[in-house]
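Since the structure comes first, as structure tokens, the remarks are kept for the end.
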Amino acid sequence: MREIITAGERPDLKKAAVAALRGEWPAFVLHDAVSTTHRQAVGEYFARYDVMLVEDGEVLALAVAVALRWDGVVSTLPDGYDGALVAAVTEHESGVAPDTVCLMSATVRPDRARGGLAGVMLTALRERAADAGLTRVIVPVRPTLKARYPLTPMADFHRWTRADGLHLDPWIRTHQRLGAEILAPAPNSMVVTGTVGEWEDWAAMAFPQSGHYVVPGALDLVEIDRERDHGVYRETNLWMRHPDIAASS
Ligand SMILES: CC(C)(COP(=O)(O)OP(=O)(O)OC[C@H]1O[C@@H](n2cnc3c(N)ncnc32)[C@H](O)[C@@H]1OP(=O)(O)O)[C@@H](O)C(=O)NCCC(=O)NCCS
């Protein structure tokens, strides 16, 4: 039997799902300081938007989202992934009523990829957001194909469409098929810093001198400063907006 369950309903299942699906992400992504700082609060405040697709007791897919307030104007979007996390937590703690659901990540078990499950998850999340009275849906998208083009600015990449009018990137296409539109690149969406040793560990490669490096799974270059024993990665994501919930349901 296949069912949608939220982390609010089964916190134990979310823990197991996160542990099982961690491997689908490049290691450095799991070391975003903003995310680490707010992990507990996000999990506690927004558990109703952590949606899992469960089949015969096993989690096939997980979508994690937060709720925040946004006036629908592109120039007032949060500062990417990190900014959305901070806004959601800060607003929740100061009693600001949210009106927007912001998808932070979606992960599908690799043996079930390419089967449209991400769309199922997004639809399920939308239903839960509707139940909570939210009307807008935004995503700081991490285009999966962008890692093959780390030298290309997102400002160029986001214009790369195919002959059929859909985007070259498969993850952007999934959003487009659900009616989403591209809003704008989100620079410094996720910033990951570490020592050179940490970066060598996360990237599983050596960084013998200071400079900019192409790292597997990274959408942008990683900057290594051996003298300061410091590495920094500033990921640009792409803001997309799905149709408003009130307009479509
Ligand atoms: C991105 C992801 C959520 C898509 O989930 P999904 O259920 O496979 O999505 P869909 O079935 O709608 O497939 C979407 C597109 O991605 C393509 N795709 C999915 N997995 C792929 C893979 N491993 N390699 C290449 N393309 C892939 C599909 O073929 C499809 O392309 P199409 O437009 O030509 O049909 C899933 O691949 C995943 O969990 N990836 C790792 C985590 C991640 O990067 N998440 C996205 C950032 S938050």
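Please determine whether any residue of region 144-152 is under 16 Å from Asn237 (Cβ atoms) and touching a strand residue (DSSP E or B) at 6+ places or on another chain (Cβ under 6 Å). There is no residue in region 144-152 that is under 16 Å from Asn237 (Cβ atoms) and touching a strand residue (DSSP E or B) at 6+ places or on another chain (Cβ under 6 Å). Residues in region 31-67 that are open to solvent by 50 Å² or more (accessible area, probe 1.4 Å), at pLDDT 95 or above and either within 12 Å of the ligand (Cβ to nearest atom) or in a loop (DSSP other than H, G, I, E, B) (or both): none.
Total residues in region 216-240 satisfying the condition of being part of a strand (DSSP E or B), more than 12 Å from Trp199 (Cβ to Cβ) and open to solvent by 30 Å² or more (accessible area, probe 1.4 Å): the figure is 1. A Cβ distance below 7 Å, combined with a sequence gap of six or more or placement on separate chains, defines the contacts here; from region 208-224, residues that are farther than 12 Å from Arg234 by Cα reach residues that are among the basic types (Lys, Arg) and assigned to a loop (DSSP other than H, G, I, E, B) in the pairs Gln209/Arg226; Ser210/Arg226. The one condition from (1) buried (at least 23 other Cβ atoms within 10 Å of the Cβ); (2) of a type outside the set (Phe, Trp, Tyr); (3) in a loop (DSSP other than H, G, I, E, B) that Arg114 does not meet is (1). Checking the stated criteria, Arg162 turns out not to satisfy the condition of being modelled with pLDDT of 95 or more, out of contact with any helix residue (DSSP H, G or I) (no Cβ under 8 Å at 6 or more places or on another chain) and within 22 Å of Ile138 (Cβ to Cβ).
For the residues Thr152, Thr144, Thr123, Thr135, the requirement of being hydroxyl-bearing (Ser, Thr, Tyr) and either in contact with a Gly (Cβ under 6 Å, 6 or more places away or on another chain) or free of Cβ contacts under 8 Å to residues at least 24 places away in the same chain (or both) singles out Thr152.
Assigned to a helix (DSSP H, G or I) and in contact with a helix residue (DSSP H, G or I) (Cβ under 6 Å, 6 or more places away or on another chain) - does that describe any residue in region 186-205? Give the derivation first.
Start the filter on region 186-205 by keeping residues that are assigned to a helix (DSSP H, G or I), which leaves 196-203.
Next, from what is left, pick out any that are in contact with a helix residue (DSSP H, G or I) (Cβ under 6 Å, 6 or more places away or on another chain): 202.
Yes, there is a match, as at least one residue in region 186-205 is assigned to a helix (DSSP H, G or I) and in contact with a helix residue (DSSP H, G or I) (Cβ under 6 Å, 6 or more places away or on another chain).
For region 95-111, which positions are within 16 Å of the ligand (Cβ to nearest atom) and either part of a strand (DSSP E or B) or free of Cβ contacts under 8 Å to residues at least 60 places away in the same chain (or both)?
Of all residues in region 95-111, those within 16 Å of the ligand (Cβ to nearest atom) come to 101-111.
Selection gives Val101, Cys102, Leu103, Met104, Ser105, Ala106, Thr107, Val108, Asp111.
Starting from residues that are within 11 Å of the ligand (Cβ to nearest atom) and under 13 Å from the mean Cα position of the chain (by Cα), keep the ones in region 124-151 and report whichever is most open to solvent (accessible area, probe 1.4 Å). Top of the filtered list is Thr144. If the condition is being open to solvent by 40 Å² or more (accessible area, probe 1.4 Å), more than 9 Å from the ligand (Cβ to nearest atom) and not charged (D, E, K, R), then region 152-170 contributes Pro153, Ala155, Trp160, Thr161, Ala163, Gly165, Leu168. Within region 68-108, the set of residues being farther than 19 Å from Pro243 by Cα, among the hydroxyl-bearing types (Ser, Thr, Tyr) and open to solvent by less than 40 Å² (accessible area, probe 1.4 Å) comprises Tyr81, Thr107. A single member of Arg177, Arg173 is under 30 Å from Pro243 (Cβ atoms), among the basic types (Lys, Arg), within 16 Å of the ligand (Cβ to nearest atom) and touching a residue at least 24 places away in the same chain (Cβ under 8 Å), and it is Arg177.
The values are calculated or read from the model by the stated rules, or taken from the named source; none is laboratory data. Computed from a predicted model, the values in this text were never measured in an experiment. Positions of Cβ are backbone-derived with ideal geometry, glycine not excepted, and every protein chain shown enters the neighbour counts. The protein model used for the area step is the full one, side chains on, heavy atoms only, and it has no ligands, DNA or RNA in it. Shrake-Rupley method; radii C 1.70, N 1.55, O 1.52, S 1.80 Å.
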